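> I have a structure I would like to understand better, so I am pasting it below and will then ask my questions one at a time.
Taken together, the values in this text are just the output of simple stated rules run on the coordinates, not laboratory data. Here the structure is a predicted model, which is why all the values come from computation and not from measurement. Backbone-built Cβ (ideal geometry, glycine too); neighbour counts: all protein chains shown.
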Protein chains: 2
Amino acid sequence: MQRLLLFLLAAAAGSGPSFAQTTHSLLPVPKTVRLQEGQLRLRADFRIGVSAPAGDSLLFRAVNRTRATLNRRTGLYFEQETIAPGDTAGLFRVIVTQKQVALPGADEGYHLVISPSGAKLQATTTTGALRGLQTVLQLVQQDSAGYYLPSAVIDDAPRFAWRGLMLDVARHFLPLEALRRNIDAMAVVKLNVLHLHLSDDEGFRVQSKRFPELQRKGSLGQFYTQTEIRELVRYAADRGIVIVPEFDMPGHTTAMLAAYPALASAPGPYQPGPRFRRGDKPLSLPAIMQMIQTTPTPAIDPSHEATYAFLDSFFGEMAGLFPSPWMHIGADENNGVSWKNNPAIVRFMQQQKLADTHALQAYFVRRVHAILRKHNRKTVGWEELAGGPKDLIVQAWSDTAYFHKAVRNNSSILVSKGFYLDLFYPAHAHYRNDLLDASPLVMGGEAALWSEIVDAGNQETRTWPRTGAIAERLWSPATQTDLDDLYRRLFRLSTQLDDLGIDHIGQYERSLRRLAGADAGTLRNLTDILTPVKGYRKLFARLSLPERYTVQSAPLTAVSDIVFVDSEVKRNFRQLVSNWLSTKKNEEAIRIQLLRWKTLAANIRPIPGLEPAIQAHAQRLEAIAGVALEALERRKAGTLTPEWVAQQRPLFAAAGKADGSLELSIVKETEALISGELAPEPTSYPMF
Amino acid sequence: MQRLLLFLLAAAAGSGPSFAQTTHSLLPVPKTVRLQEGQLRLRADFRIGVSAPAGDSLLFRAVNRTRATLNRRTGLYFEQETIAPGDTAGLFRVIVTQKQVALPGADEGYHLVISPSGAKLQATTTTGALRGLQTVLQLVQQDSAGYYLPSAVIDDAPRFAWRGLMLDVARHFLPLEALRRNIDAMAVVKLNVLHLHLSDDEGFRVQSKRFPELQRKGSLGQFYTQTEIRELVRYAADRGIVIVPEFDMPGHTTAMLAAYPALASAPGPYQPGPRFRRGDKPLSLPAIMQMIQTTPTPAIDPSHEATYAFLDSFFGEMAGLFPSPWMHIGADENNGVSWKNNPAIVRFMQQQKLADTHALQAYFVRRVHAILRKHNRKTVGWEELAGGPKDLIVQAWSDTAYFHKAVRNNSSILVSKGFYLDLFYPAHAHYRNDLLDASPLVMGGEAALWSEIVDAGNQETRTWPRTGAIAERLWSPATQTDLDDLYRRLFRLSTQLDDLGIDHIGQYERSLRRLAGADAGTLRNLTDILTPVKGYRKLFARLSLPERYTVQSAPLTAVSDIVFVDSEVKRNFRQLVSNWLSTKKNEEAIRIQLLRWKTLAANIRPIPGLEPAIQAHAQRLEAIAGVALEALERRKAGTLTPEWVAQQRPLFAAAGKADGSLELSIVKETEALISGELAPEPTSYPMF
């Protein structure tokens, strides 16, 4: 019933089954799309034929996956069971002229023509064909007569070469099947780099045969074997995605130092775990900032030659494991205090004429860069390494001063600033990212999900479908900026990913069942419009708890851990209200929604595990929904006075406040029903 | 909303939050349970202490998993992050006197005492402690004040030593994570054997290093590597479960013969795939039976010494991979036609004085049995090998004549007859299984799921929670027979498994979203009471289609592929009707349910992929719900005449018929509202 209402609301809001002629349900939107009259109907006799260079088995696996997906989606029992070399004829033809593995920088363009009598997908490279096949799957439509592809001519190629997703599997480990699901989702939105943050203070996550203590003492048993890594690399490559490994150093290395304390700048001992240890008192934001700047944090000793011998051997092994031409070395957030505290390191700095710990860090990066060059790898690092050797690739994440330093140094740049998924910003805030246009040195960007409060139980809700907005920004023309249309397609993408087995909806629904059992459906009416508080406030609420609450095994099962950052109900309601403000149409749909919210609080029963904030939110929702309903009546009766409106304002101010790390996402829209004004949404949100 | 109604119905039917004093929400029910006054409340300072023989790391992993599950369930952030040797004190104490790995036959008993001031779990063996920890997790309750364990004294031990689940991963492959989820679910219901059917005509699913063509030509790329098998064996052992591998022979070997055609009784060539190839016409049941008896089917040549040299080497390798003391050799369903067609084999039979192909099969089994004995493995096989060496373990599945033959031969017996999950029988039909009591030679049994029409997308809905009923039958006292109580606990188990990550609900809901998109909630009101047609009729409907429809890659996404075999809505409605018949209470709840069904058809919209049968079922449901509502009115008005009742009967007869391999599960219950009589449910169902 909930879904039915959602559908009615969506239809009323104008984002129902009809679709925009230029964007259809394609995400990312191709470079040029011309939809035409007519349809290519899908029937059991639908066949796919492939013309490709001999031995392009990757292409055949991809085409067979496409066939299987169409098969499952349509339930049609296609006659053609598998597509093999020799199957060149078919209603749908795939033509590739050049066999090539996927790498950022490869030609990923394709040309797709669909008419009622057949379809043709042409690409120079296998990778281009993979991208085109994803477009085909997104074009599948249904009507009462069955499934079809609309007639269309599509020319496509990406705007940026490097389109990545960074997952932090160090702070919380993700099982292989979760990584495979993320890769499947990435392929749908044409991302091409999975950047795995494989080591940090909390864990080292790859088997090393040369240095087995890394996984033995640094992983608490949670790591990927080399066999698993090889398989994952192959799985990703099959989908046109390269895995770029990150081994963060010289800071963020507690787990490595737990394994090999001789590498450390201070004697230790070390245990994998968060770098900061707190007392039993909650900390203020300035106190946390102070702690970050002044606490001695574990770091590799850059003054020992033995360090570089270790890293040479280590990176040699990892280069054999990861075929990626890029190796990410982190190089972020080292405050240098451990170095300053070690007299031998201070002496080394004097000998080497290194003015400060920044200079020492630069020295370390230069040494590692030389090692990686020897192993035929390009070095990528977070923005703090900007200004070193020109051919370092700089990943901007926080301070634009580093970005400009990289520009002055003529270094290639990846943009993650504005793309941090763990800040809980809605998709539209990620969608416009000025930094991408700030320099021609930008080669692309990456969505990034740090995992302090993300684990295998909520990672997919945190990442999908929201990452689709970033993927579109990196692939589609810069002129593509319509937010309503983005959201329309984003929620369709969500359904498509669900169909493919991505577990974002599953994780959300399972968590609701866990929290509320048989009442999950009722609770969902509320949680569907609750979103996590934006910025680092949720993380800091966690960090400010007594020490025991920073453990990696803490349960991430609160409502704020599992609600989506983008609320579909909110988007539909917003559009409904926005249309109503200008046309006064569909007031009945608005009224139905408000009535539902007004009666919700009475049905939300106290259940252990539900924060008290949940019932408080429900009550505030009841209050503002009631006021909005009254406002609709008063407007009709002509009694909607400015005085009455002013009296109601505090209710909305209260309802708009965060509580339990959660926000009611529909307060502004509901308030617009009494004020008659709906402000555009912010394009950016505070970080704290 | 749907869930809320379900809850109201359940509460009205008397199976809500209150629980039976003897069975609580325990499944399987322990040998003896005494629940007492008082509660052990769970708070953040809840600690677990362990006393165990040194080096029992398996136990510590199990206790830590229990801690993590409690942690996630309660959201409590327990202070005790991990439990390690030395942590012997705690509010909850686990005491094990003897370290031991799990094997059928090991002591699995435990003694559990819970009081408001603490709890103690005592077991002789680690395995017993594992079983007791599962009981503890099922005892967790919640009230408005939080979570607690009820005071109780429990003494427990299993009725049968061998309690298994057979999964056929040959016909459709299951990914490792699915196997792990099944193992997690098995552990909850205290099963101890995962029997993997690893080879059949359609596929060979394990990597062999000695005979690599087995996976290369026999698996179409879908097999478990030896590393994966070792890991899976360890994963299962950690949960007190042994993996018993089955390599089916001499029949059901097409995939093996595709790899090594020299082993075959006929020249081939062979391709992995179904043994029977059909024409383009649907077949009748007798025609299918005839085909099974007379078609030459691929079989190993038992007359060649080279065959036994191969098997010696093969089983030697597999014995190194699977530590299980048991090896399953299938030995079922070989019609012998390929042997009779081969003059060399006929000659061999004459030389060896083997009267017929049955005798030749017995010869083959004796030879393989000797090989396995050499490799220190006991031989298990399907019932057709009954009558061979006494120490063969016979798995009864179809013809009780074999069972009695095994009894006469004094062989140990496993019961799977009555436990075939792919027959779509409801839990109560599996629950009473007379064969278990038919001989003291019965050492246990196995639920069995053949996978002709089961794949990774629906296997969990097909298996869980239903297998819980079989697990209880194998563990709990024979006196435990209350069906209403079974169903009450079975649906609670379903929620518990969902919480642990088992995907049965997820698979069902995702499939509905795939079929109906935004209308999934509406469709669910119907599919919640649709069940698959019982027996082999659904499989035969598939087999009778033209040849192309037998492919392994056919989509299993129809409604009949994804609905549950046991309907929770039906069980609650049945109990409601049953109570109403004797007490006339809760008529309003019945009326609400009927009204909902009566208006459903109008809302089920035609969607491609939905069989036409769905709308037809909805219309028949509308008709009988309408008649039942009228009957309630007539009963009040005194106009419920026998003539009127008789006139309505054909409507119910029509609604009770299978359509699209689906049945409306609530027809008898609805009919009882007009007839005043509700017959007990059948204890058995037809096979065809």
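> How many partner chain Cβ atoms sit within 10 Å of a residue's Cβ in peptide A:518-525, on average, as a whole number?
Across A:518-525, the average partner-chain Cβ count within 10 Å equals 5.
> Where the label is 7 Å out from Cα toward Cβ, how close does B:Leu581 come to the same position in every other copy, in nm, shortest first?
Its label point is 6.1 nm from the equivalent points in the other copies.
> Here is a follow-up. Which entries in B:Lys534/B:Lys668; B:Lys31/B:Lys190; A:Lys217/A:Lys374; B:Lys374/B:Lys417; A:Lys538/A:Lys570; A:Lys534/A:Lys668 show an alpha-carbon gap greater than 19 Å?
Result: A:Lys217/A:Lys374; B:Lys374/B:Lys417; A:Lys538/A:Lys570 exceed 19 Å.
> Could you run the Karplus curve 6.51 cos²θ - 1.76 cosθ + 1.60 with θ = phi - 60° over the range A:186-194 and give me ³J(HN,Hα) per residue in whole Hz, x for Gly and Pro?
4, 4, 4, 9, 6, 6, 10, 10, 9
> Let me make sure I get this right: for the range A:284-378, a, b and c are the square roots of the gyration tensor eigenvalues over alpha carbons, sorted descending. Under 1.5 in a/c it's rounded, otherwise prolate if a/b > b/c, else oblate. Which is it?
It comes out oblate by the Cα gyration axes.
> Give, as a single signed number, the net charge of other residues whose beta carbon lies under 10 Å from the beta carbon of B:Ala157, with Lys and Arg counted +1 and Asp and Glu -1.
Its environment carries a net charge of -1.
> Still on this model: I need the shape label for chain B. Rule: rounded when a/c is under 1.5, else prolate if a/b > b/c, else oblate, with a, b, c from the alpha carbon gyration tensor.
Note, shape of chain B comes out oblate.
> Between rounded, prolate and oblate, where does the range B:162-481 land on the alpha carbon gyration tensor, with a ≥ b ≥ c its root eigenvalues, rounded for a/c under 1.5, else prolate if a/b exceeds b/c?
rounded
> Moving on. How big is the charge dipole of the range A:507-675 about its Cα centre, in debye rounded to the nearest 20, if each Lys and Arg gets +1 on its Cβ and each Asp and Glu gets -1 on its Cβ?
Its charge dipole is roughly 160 debye.
> Could you work out how far apart the two model spin labels at B:Lys99 and A:Met687 are, taking each label as a point 7 Å from the Cα in the direction of the beta carbon, and quote it in nm?
5.1
> Relative contact order (percent) for chain B, with alpha-carbon contacts under 8 angstrom and 6 or more residues of separation?
Reported relative contact order: 12 percent.
> Using Cα-Cα distances under 8 Å and only pairs 6 or more residues apart, what relative contact order does the range A:234-293 have, in percent?
For the range A:234-293, the relative contact order is 22 percent.
> Additional query: Using modelled amide H (1.01 Å from N, peptide plane; none on Pro or chain starts), what sits under 5 Å from the amide H of B:Lys378, excluding residues fewer than 5 places away?
Correct list: B:Trp326, B:Met327.
> Under the Karplus relation 6.51 cos²θ - 1.76 cosθ + 1.60, θ = phi - 60°, what is the ordered set of whole-Hz ³J(HN,Hα) values for the range B:126-134, x standing for Gly and Pro?
4, 4, x, 5, 4, 5, x, 4, 5
> Peptides A:103-113, B:126-136, A:505-515: what's the order by average Cβ count within 10 Å, highest mean first?
B:126-136, A:505-515, A:103-113
> Pull up the DSSP beta bridges for chain A and report the antiparallel fraction as a percent, rounded to 5.
40
> Within the set of other residues whose C-beta is less than 10 Å from the C-beta of A:Pro686, count the net charge using Lys and Arg as +1 and Asp and Glu as -1.
Cβ neighbours under 10 Å give a net charge of +2.
> Then there is this: Would you calculate, for the protein assembly as shown, the mean residue ellipticity at 222 nm contributed by helices, counting each DSSP H stretch of 4 or more residues as -39,500 (n - 2.57) and dividing by all residues, to the nearest 500?
-13000 deg cm²/dmol
> Specify which residue in the list B:Gln507, B:Ala554, B:Leu662 is farthest towards the positive end of the charge dipole of the range B:507-675, using unit charges on the beta carbon of Lys, Arg (+1) and Asp, Glu (-1), about the Cα centre.
Looking along the dipole axis, the top candidate is B:Gln507.
> Dipole size in debye (nearest 20) for chain A around its Cα centre, Lys and Arg Cβ +1, Asp and Glu Cβ -1?
It comes to approximately 240 debye.
> Then there is this: Name the residue from A:Ile83, A:Phe419, A:Ser476 whose Cα lies farthest towards the positive end of the charge dipole of chain A, charges +1 on Cβ of Lys and Arg and -1 on Cβ of Asp and Glu.
It is A:Ile83.
> Long-range amide H contacts for B:Met166: which residues qualify at under 5 Å (H placed 1.01 Å from N, peptide plane, sequence gap of 5 or more or a different chain)?
Sorted by chain and number, the residues that satisfy this are B:His195, B:Ala447, B:Ala448, B:Leu449.
> Next question, about the same structure. In nm², what is the average projected area of the convex hull enclosing the Cα atoms of the range A:432-518?
7.6
> Over every pair of different alpha-carbon atoms in the protein assembly as shown, take the mean of 1/r and invert it; report that Kirkwood radius in Å.
Computed over the protein assembly as shown, the radius equals 33.9 Å.
> While we're here: In nm, what does the list of distances from A:Ser439 to its counterparts in the other copies look like, shortest first, when each label sits 7 Å along Cα to Cβ?
Output for A:Ser439: 8.1 nm, nearest copy listed first.
> In addition: Can you list residues from other chains, or at least 5 along the same chain, whose modelled amide H is less than 5 Å from the amide H of A:Ala658?
none
> A further question on this structure: As an exercise, use a Förster radius of 51 Å and the Cβ-Cβ distance of A:Ala44 and B:Ala679 to find the FRET efficiency, rounded to the nearest 0.05.
Working from the Cβ atoms, E equals 0.75.
> Which residues does a label at A:Tyr308 reach in the range A:318-349, if reach means a backbone N under 15 Å from a point 7 Å past the Cα toward the Cβ?
From the range A:318-349, the list is A:348-349.
> May I pose another question? What are the distances, in nm and sorted shortest first, from the label point of B:Gly118 to the label points of the same position in each other copy, with each label point placed 7 Å from Cα along the Cα-to-Cβ direction?
For B:Gly118, the other copies' label points sit at 8.1 nm, shortest first.
> In nm, what is the difference between 0.36 nm times the number of residues separating A:Ser582 and A:Gln36 and their Cα-Cα distance?
193.4 nm
> Share of antiparallel DSSP beta bridges in the protein assembly as shown, in percent to the nearest 5?
40
> If you add up the charges near A:Ala370, with Lys and Arg at +1 and Asp and Glu at -1, over every other residue whose beta carbon is less than 12 angstrom from its beta carbon, what do you get?
+3
> Taking the Cα centre of the protein assembly as shown as origin, sum charge times position over the Cβ atoms of Lys and Arg (+1) and Asp and Glu (-1), and report the length of that vector in debye to the nearest 20.
260
> Follow-up. Taking the DSSP beta bridges in the range A:32-156 as the whole, what percent of them are antiparallel, to the nearest 5?
65
> Picking from B:Thr225, B:Ala355, A:Phe211, whose Cα lies most toward the positive end of the charge dipole for the protein assembly as shown (charges on Cβ: Lys, Arg +1; Asp, Glu -1)?
A:Phe211
> Could you give me the radius of gyration and the Dmax of the range A:195-353, taking only the C-alpha atoms into account and expressing both in angstrom?
Spelled out, the Cα radius of gyration and Dmax of the range A:195-353 are 17.0, 51 Å.
> Calculate one ³J(HN,Hα) per residue across the range A:284-290 by plugging θ = phi - 60° into the Karplus curve 6.51 cos²θ - 1.76 cosθ + 1.60, and present them in order as whole Hz with x for glycine and proline.
Along the range A:284-290, the couplings run 7, 4, x, 5, 5, 4, 4 Hz.
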